[in-house]
Amino acid sequence: MSALRRPSVGGGLRAGAAPLALMGASGFAGLGYQIIWTQQCAVWLGHESAAVLAVVAAFFGGLSCGALALAARIESSARPVRWYAGCELLIAAWGLVLARALPLFESWLLRVTGAQPAPAWQWTVAFFGTFLLLLPATAAMGATLPAMARIGARLPGERVAALYAGNTFGAVAGVLVVTFWLIPAIGLTLSALSCATLNLLCGGAALLVFPETGEAAPALPAASRARVALSRLFLTGLLGIGYEVLVVRVLSQVAEDTVYTFALLLAVYLVGSAAGAAVYQRWLSPRRHRRQLGNALLAALSLACSIGAGTLWGAEWLKAHAQALFGSGASAAILAEGVPALFAFAAPTLVMGALFSHLAATAQASGVSLGRALGVNTLGAALAPALFGVLGLPALGPKAALLLVASGYLALLAPRAWSRPMAWLPAGTALALLLLTPPLAFIDVPDGGRLVSYEDGALAAVSVVEDGSGTRRLHIDNRAQEGSNRTQRVDGRQAWLPLLLHPAPRRALFLGLGTGVTAASAAEDSTLQVDAVELLPEVIRASEKFADSVAEDTALPRLHVLAGDARRYVRVSPQHYDVVVSDNFHPARSGSAALYTVEHFRAVRQRLAPGGVFCQWLPLHQLDRAALRSIVGAFLVAFPRGWALLASGSLETPVLGLVGRSDAERFDAAALRERRRQVALPERVSGLGLEDDFAVLGSFVAGPVSLRRFAEGAPVNTDDRPIVAYLAPRITYAPDSSPGDRLLDLLRELCLTPEELLQPTPDAGWLSHLAAYWTARDLFVESGRDVRPSPRVEDMLAQVREPLLSVLRISPEFRPAYDPLLLMATALARSDAEAARGLVTELIRIQPSRTEATQLLASLSAASATSNDATR
């Protein structure tokens, strides 16, 4: 026994630094896997936020199973080193299996989930499917801490706190390194292989460093307090992860909600937990025999959770001041997102780490093994994502749910603790927050505006806000990214441009609903059946607030809105479509980049009927050149003969579309002309600026050759190499150019020839007009760069008259230049009839075939004659 108390230098290394190093490396790999598997599971779960909840639950569920099933045998074993090494090897082996076989598992789970599952079934498959998928590795992870604690059994019991702290600090490093470096550099599969290699090294190092003791562990004495200790461990695990889930969900409305956001928030949470365990090990563990320490920590944790939740009301203020302090740049913006998390997590997680260490030590003193204590604690943690994230937050709202967590810790206090101030202070704080604070929601309502609707969902908060002018905007997590009732023209063009490229569409699919205006515009065609798939049920309900933006109520029976995930739907649905239109999803937001991968584009192509057309709209104002090149490269893998067109040439919010056909054929100009002539709603189509062949075909900006040259050398966005998810946030955090400049640079670089677009090629005269239209369009877009809006028509004409006339001289068919000049001439006639007549005369000279200018000139002449007669 004396040898155990005074180990040799080598033994001290083995018992001291080596266990901490191995647990740190094991924690690095474990949380690295969590980040990797979260992104991989999002492919079939449908949304990164759903994947976070499911993978967190699966992780803790597996840890619990491993600890409860294996720890008792490990802790009584005379060869714990072999157990530890075996667990690390199993983690590595299953990590390697998933790295290669995960697509097969995903395909099976997609079929089990179905194209349009009920919410209860979807969440059941999500949680249990992910749990079973990861179980071999996560169960082995759950046994590593008890095994290492058994290896270091010669040390005092409170050494567990140090091992827990080392493991958690390693987890912090794993989260940050894997997210910010490994995945962007080498992709998900190679990152998983790197983590598996680390597990192999941990297992091999343990066999080399630690000798077999050959001694069985002594039996722990049973005690009557074991049930109390286990119940506290279970409930504190449930409440601790519940607090994490709720805070992350709330802060997603303040942060940009990118792949970096969750990693940073998780790192802050883990740092606090590790620090708390270290504090317990250093200063509190000698007093663990004091029964009041547990009550004091519970009361302190309740108070810390209330205060941490209270800081969330100031999260936007904290982030703004942090950005001002840190300066510009993407790194500074990401760090600024961590400041509100620091205020919300620092104190609670510090106490959580100390409390777990204390409860584990108390449980051991009560006759409960470390493995059982860990298993019960992680079992509670495994239930938290479902109870708090899926059920509690939508039902109660974030404010009540967070205060329920704080109150839950108070419910664990011993009855005698309520006779002391330490219990009443946190209780009073929670009550004050409940009664005195507004709902914990982030909604930017402009002056003179109002909140039309608001709903907290499991994955996002969805609101509709109306400003003083009556413009309604759809917000998801307080970000106005889903359109408004003032964008009907652009939204309608995003529906009708692809529809007009098909000679006779009968069924169309829209991926993403938003305000519903795009899909409803398509459904106005009485010959067309429209399916629209939307992930968030809250968005479907919010879209009803924009129903008055649809021109024809009879469109609604032909519009079938399906609640489901777009990726899953196109992979599982048996339906084929003549036209598929994918919304311009913000590429930096959680889960959206998965809708721009090779695998998704290939799945869409399989969903197209023969001769079908697919259009993927892209928000150029939310994409930099690098991310755009990666998306274009991915699209061309699935649609080698692909084209690009513009839905909107706005310099503030330009929208580019990538177009492909299932048969890889070019377009027939005669068939497109006939399609436009026979369209059921010619006035509606003309009102969208698609009144003739030139307006439709003139929207194209690039052909296959130009797109391939543009994407050449760029890493292609795939499920395994999610390049866009890591590139797109840069321009979100720190834009280095304006959307207009990016659009103009793109137009200068891209090009196409009629031969790339049309077959058979029309006559040379018509083609020259089309080429002139393309030139005029580019000049028109560029001419808008220096225009400053003014309410005075004279000021506007001084800026745009000559540029727009120059555009029309190149292409008289270019209506986007003709119509504004005609409107300004009408307005100018009220103050300067002579100048108005001069402008109209010039329009007639340039484009004599249009009657609008001739009619306006006649009207002006008649008005002038009437005025002269009155004067005489």
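The values are calculated or read from the model by the stated rules, or taken from the named source; none is laboratory data. Note that this is a predicted model, so its numbers are computed, not measured. When we count neighbours, we look across all protein chains shown, and the Cβ atoms used for this are built from the backbone with ideal geometry, even at glycine. Just so you know, the surface numbers come from the protein's heavy atoms only, side chains and all, with ligands and any DNA or RNA stripped out. Shrake-Rupley method; radii C 1.70, N 1.55, O 1.52, S 1.80 Å.
Some notes on this structure:
- Separation in nanometres of the label points that stand 7 Å from Cα toward Cβ, at SER738 and ASP663: 4.5
- Label-to-label distance for GLU834 and GLU691 is 3.1 nm, based on points extended 7 Å past Cα in the beta-carbon direction.
- Between ALA680 and THR197, the FRET efficiency estimated from the beta carbon spacing at R0 = 41 angstrom works out to 0.10.
- Contact order normalised by residue count of the chain, Cα under 8 Å, 6+ apart, percent: 12
- In this structure the stretch 382-468 gives 46 Å² per residue of accessible area when probed at 1.4 Å with all protein chains present.
- Given [x] 121, 56, 47; [y] 114, 67, 59; [z] 99, 73, 55, the label whose value is Cα extents along the principal axes in Å derived from this model: [x]
- Whole-Å semi-axes of the ellipsoid equivalent to the stretch 229-333 (Cα gyration tensor, √5λ, descending): 31, 15, 13
- FRET efficiency, 1/(1 + (r/R0)^6) with R0 60 Å, evaluated for LEU391 and ARG788 via beta carbons: 0.70
- Three-way shape label, the stretch 374-434, alpha-carbon gyration tensor, a/c 1.5: oblate
- A Förster radius of 51 Å, combined with the Cβ-Cβ distance separating ALA547 from ALA400, puts the computed FRET efficiency at roughly 0.95.
- When the solvent-accessible area of the chain is split by element, carbon and sulfur atoms take up 61 percent of it, the probe being 1.4 Å.
- Evaluated with a Cβ-only charge set (Lys, Arg +1; Asp, Glu -1), the stretch 725-776 carries a dipole of roughly 220 debye about its Cα centre, given to the nearest 20.
- Sequence-distant residues sharing a close amide H with ASP719 (under 5 Å, placed H): VAL598, GLU599
- Placing +1 on each Lys and Arg Cβ and -1 on each Asp and Glu Cβ, with no other charges, gives the chain a dipole about its Cα centre of roughly 3940 debye.
- Dipole orientation for the chain: of the candidates VAL55, GLY740, ALA149, ALA149 has the Cα lying most toward the positive pole (charges on Cβ; Lys, Arg +1; Asp, Glu -1).
- P(r) tail fraction, the stretch 716-856 - alpha-carbon pairs more than 28 Å apart, %: 39
- Multiplying the residue separation of GLU212 and ALA320 by 0.36 nm and subtracting their alpha-carbon distance yields 33.3 nm.
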